[in-house]
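Some notes on the structure that comes next.
The values are calculated or read from the model by the stated rules, or taken from the named source; none is laboratory data. Quantities reported herein were computed from a predicted structural model and do not represent experimental measurements. Here the Cβ is made from the backbone with ideal geometry for all residues, glycine too, and neighbour counts use every protein chain on show.
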Amino acid sequence: MCLDGCFLQVPWPCGASIEDDWDQLDLDYDMEASPFNLLLVPPICTATLYRAKEIPLDFLKGRVRQIVEANPWLGGRLRKSCGRPFLAVPPSPGNHFMECSSSFTMSSGADFHDLSQHVLESEATLKCGLLALNQNEQLFRVAVIPANPDHFLLVVSLNHTIGDGYTFYKLYSMLEPNASILQMNPLRQSGFACLAEQCIGESQFNWLTTCPTMLGLLRSFCLWHPPKPEVRYVDQDWLASLKSQDASLSTNDILTSHLLTKSRFGYGYMSINLRNRGLGADDANAGNYVHRVHLAPGDFAEPDGVRKSISEPFRFRGQDAVPGCWESITTSHGLVSNWASLFYEVSLPGSQHLSHMPILSYPQPGFGLLLIFKPRRDELAVYYYIRNKAAFEDASSSPMFGSSFNPFA
């Protein structure tokens, strides 16, 4: 595929080390390529368990090739020159499909954590942005891991430096045999970070990367954490009962409020997609167009407070308060990330979809992570850890939770 007109044709600055026939795609420093993002933001990775007598290898190889040919930026490598990371894109994207040799044995005692650890230790996963910088490291990969007997895992990974959760699931959905293979627009929208900052508020936009907050994140490493994250199904009857009381509330409003309150956080924030909000990015844009909505306890105490916080126009204009210096160091704060709204159940030839799940190395930096996802089309689950034993136990006893997540059920 010809790249002319798709990538920015600019001189390589300061003698950047890049092959002559490669193209350069500039990244958004503030949204995706800052030292904070390169160091602390892990790749997006999911595993999906299928039952099948035979893995559809030929289909997957061909499908992945078509996706990358339509989106050649996926074959790029992270490079850095004069302090600015960029994406170097080769004329031929290469192979991005892998069949892993190390199979997973589905024994009677195996659980999500065994499966997750096996995936993390395999060659299916990617390195974070910093470890991929100026290295010959792939930034997108689709892999299969045999799971005996008669199962396999489909593992899809995307380096977060080149795409957010929306980008990931847009690509993931293209693995569906009946789905169209789309060409996403990889050109970053000029000035997007400035517009997002104006919309969200300067203090809130930058709070997580300030020195006091970073010191607080470092402090979190010294705190207690559960030996492994908890993963539980959401009780659908409990959720339906609350939604019936106020039809204007979404599942996200209810879960975010309940999770942040039960976790006893002094401050919370949730990821929000900024596409289609008048800032210049829409559904066709690949890249990182998400940021954080910040929530004080008064905002997340009730679901309608969460609803007001994410409604347009953003209410942060003129209300740009964040914790002060000492509070940023000492206050526990947690992130809510909702993958459920992005989920797409991919049906593969001759295979039965059983369970879809996030794959994350553990523990991550921070006081807490609350990740909402869909194992199947009609199910909800939460992956969470909290660096406060009493709060962790309180959250785990909540009526919102059903049984522990079982990917093999």
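Data for the structure
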{"item": "Scope the stretch 50-82; condition within 25 Å of the chain's Cα centre (by Cα) and either at pLDDT below 95 or outside any helix (DSSP H, G or I) (or both); matching residues", "result": "TYR50, ASN71, GLY76, ARG77, LEU78, ARG79, LYS80"}
{"item": "Entirely in the stretch 141-211, the helices (runs of 4 or more DSSP H) that have 3 or more residues that are touching a Ser or Thr at 6+ places or on another chain (Cβ under 9 Å) and modelled with pLDDT of 95 or more", "result": "165-173"}
{"item": "Residue identified as modelled with pLDDT under 95 and assigned to a strand (DSSP E or B) among GLY334, GLY402", "result": "GLY334"}
{"item": "Selected residue (criterion: nearest to LEU38 (Cα to Cα)) from residues of the stretch 118-130 that are surrounded by 15 or more Cβ atoms within 10 Å (Cβ to Cβ) and not hydrophobic (A, V, I, L, M, F, W, C)", "result": "GLY129"}
{"item": "Boolean, GLU230 is in contact with a helix residue (DSSP H, G or I) (Cβ under 7 Å, 6 or more places away or on another chain) and either at pLDDT 95 or above or surrounded by fewer than 22 Cβ atoms within 10 Å (Cβ to Cβ) (or both)", "result": "yes"}
{"item": "Positions within the stretch 254-281 being among the β-branched types (Val, Ile, Thr) and either part of a loop (DSSP other than H, G, I, E, B) or under 14 Å from SER341 (Cβ atoms) (or both), in sequence order", "result": "ILE254, THR256, ILE272"}
{"item": "Residue check for SER203: among the hydroxyl-bearing types (Ser, Thr, Tyr), in contact (Cβ under 8 Å) with a residue 12 or more places away in the chain and crowded, with 21+ Cβ neighbours inside 10 Å", "result": "no"}
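Every residue, every condition in (1) polar (S, T, N, Q); (2) closer than 16 Å to PRO146 by Cα; (3) in contact (Cβ under 8 Å) with a residue 40 or more places away in the chain, yes or no:
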{"residue": "VAL89", "(1), (2), (3)": "no, no, yes"}
{"residue": "MET98", "(1), (2), (3)": "no, yes, yes"}
{"residue": "SER103", "(1), (2), (3)": "yes, yes, yes"}
{"residue": "VAL119", "(1), (2), (3)": "no, yes, yes"}
{"residue": "SER122", "(1), (2), (3)": "yes, yes, no"}
{"residue": "GLY129", "(1), (2), (3)": "no, no, yes"}
